[in-house]
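Visitor: Supplied in structure tokens, the structure appears directly below.
The values are calculated or read from the model by the stated rules, or taken from the named source; none is laboratory data. Given the structure is predicted, the values throughout are model-derived calculations rather than measurements. So basically every Cβ, Gly included, is an ideal-geometry build from the backbone, and we count neighbours across all protein chains shown.
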């Protein structure tokens, strides 16, 4: 950490990236570098192009690749943690910024979003901020601790989080749906509603209890989703609109269904000094998942994605836990 005029130590102090009590030094270095790569990529959005057009996606990703190459030469002990030849890291960072609402996107061009801040608990979260405003970083996301109450947007609006919890969304959908009898054969997959979910979220066996559940048909990237229920020997379905199901939006409904059946796995966590490691028992809907990824570090920096286990600043995690608990998600302290 002391090499090269204490470069990594200086970055950790600038962005308040603290080492966990039981964390190895190499793991800490990797987290510092990941956050630094994100800030360097973000800084590339302010580079002036010859034609005065916004920065390109290629320029954004190239900044990550070139910076990482220099850092690995300076800290060769991290060669086994990062891969210069793996293009998934620049793509992962780009997608996290984009889906986290930190970038505006046009064909092949990107620019920083308008500056916004939202307070929740004792933290103010921000995006679109100037580089000099970035005081504290968790993963790739910027925040400030214990400031005044002037913070602009609401937390839910700023991150496009749902106003209702998943169970409320599910109950409303079921109550308003119109079902029709299935005629002919449909090769459906059915939402798995019995743990464990390590075998996948979908199975080939329908729920015959008579309760309403989810089914789908098609191929990855082109699924049609249905509500279904079984009445006697007849299956009844109600097709769902694509805006409600595409791009993993179906998870709002799946989680609501599991909450309704009291089988949604809890999110477990372990506190290690100023860090929290989080194990997500069932992947969140897109808005919540995008926010979680923006403000956390992965546990591996190759072969993305790594969504089920993340590392966060402790105060950020405790704030997220408070908000997510209000949406109906359970959190349990992990013993080992």
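Visitor: Considering the range 225-238 alone, what residues qualify as being surrounded by fewer than 15 Cβ atoms within 10 Å (Cβ to Cβ) and either in contact (Cβ under 8 Å) with a residue 40 or more places away in the chain or part of a strand (DSSP E or B) (or both)?
Guide: 231, 234
Visitor: Restricting to helices (runs of 4 or more DSSP H) lying wholly in the range 87-206: which have 3 or more residues that are in contact with a helix residue (DSSP H, G or I) (Cβ under 6 Å, 6 or more places away or on another chain) and under 27 Å from residue 303 (Cβ atoms)?
Guide: Details: elements: 88-99, 155-158, 166-176.
Passing ranges, in order: 88-99.
Visitor: Among 81, 57, which is in the same structural domain as residue 112 (by TED's automatic domain parsing) and within 18 Å of residue 297 (Cβ to Cβ)? Step through it out loud before you land on a result.
Guide: Working: 57 fails: within 18 Å of residue 297 (Cβ to Cβ).
From the options 81, 57, the qualifying one is 81.
Visitor: Moving on to the next point. If you take the residues in the range 305-321 that are assigned to a loop (DSSP other than H, G, I, E, B) and in contact with a strand residue (DSSP E or B) (Cβ under 7 Å, 6 or more places away or on another chain), which one is surrounded by the fewest Cβ atoms within 10 Å (Cβ to Cβ)?
Guide: 308
Visitor: Of the conditions (1) surrounded by 14 or more Cβ atoms within 10 Å (Cβ to Cβ); (2) over 18 Å from residue 250 (Cα atoms), residue 192 clears all except one; give me its number.
Guide: (2)
Visitor: With 37, 45, 71 as the choices, which residue is in contact (Cβ under 8 Å) with a residue 24 or more places away in the chain, more than 24 Å from the chain's Cα centre (by Cα) and assigned to a helix (DSSP H, G or I)? Talk me through it step by step, then tell me what you get.
Guide: Working: 37 fails: more than 24 Å from the chain's Cα centre (by Cα); 45 fails: more than 24 Å from the chain's Cα centre (by Cα).
Testing whether each residue is in contact (Cβ under 8 Å) with a residue 24 or more places away in the chain, more than 24 Å from the chain's Cα centre (by Cα) and assigned to a helix (DSSP H, G or I) leaves just 71.
Visitor: Based on what the data block shows, is residue 130 exposed (fewer than 12 other Cβ atoms within 10 Å of the Cβ), under 26 Å from residue 17 (Cβ atoms), under 25 Å from the mean Cα position of the chain (by Cα) and in contact (Cβ under 8 Å) with a residue 12 or more places away in the chain? Outline the logic, then answer.
Guide: Numbers: exposed (fewer than 12 other Cβ atoms within 10 Å of the Cβ): yes; under 26 Å from residue 17 (Cβ atoms): yes; under 25 Å from the mean Cα position of the chain (by Cα): yes; in contact (Cβ under 8 Å) with a residue 12 or more places away in the chain: yes.
Taking the combined requirement at face value, the residue satisfies it.
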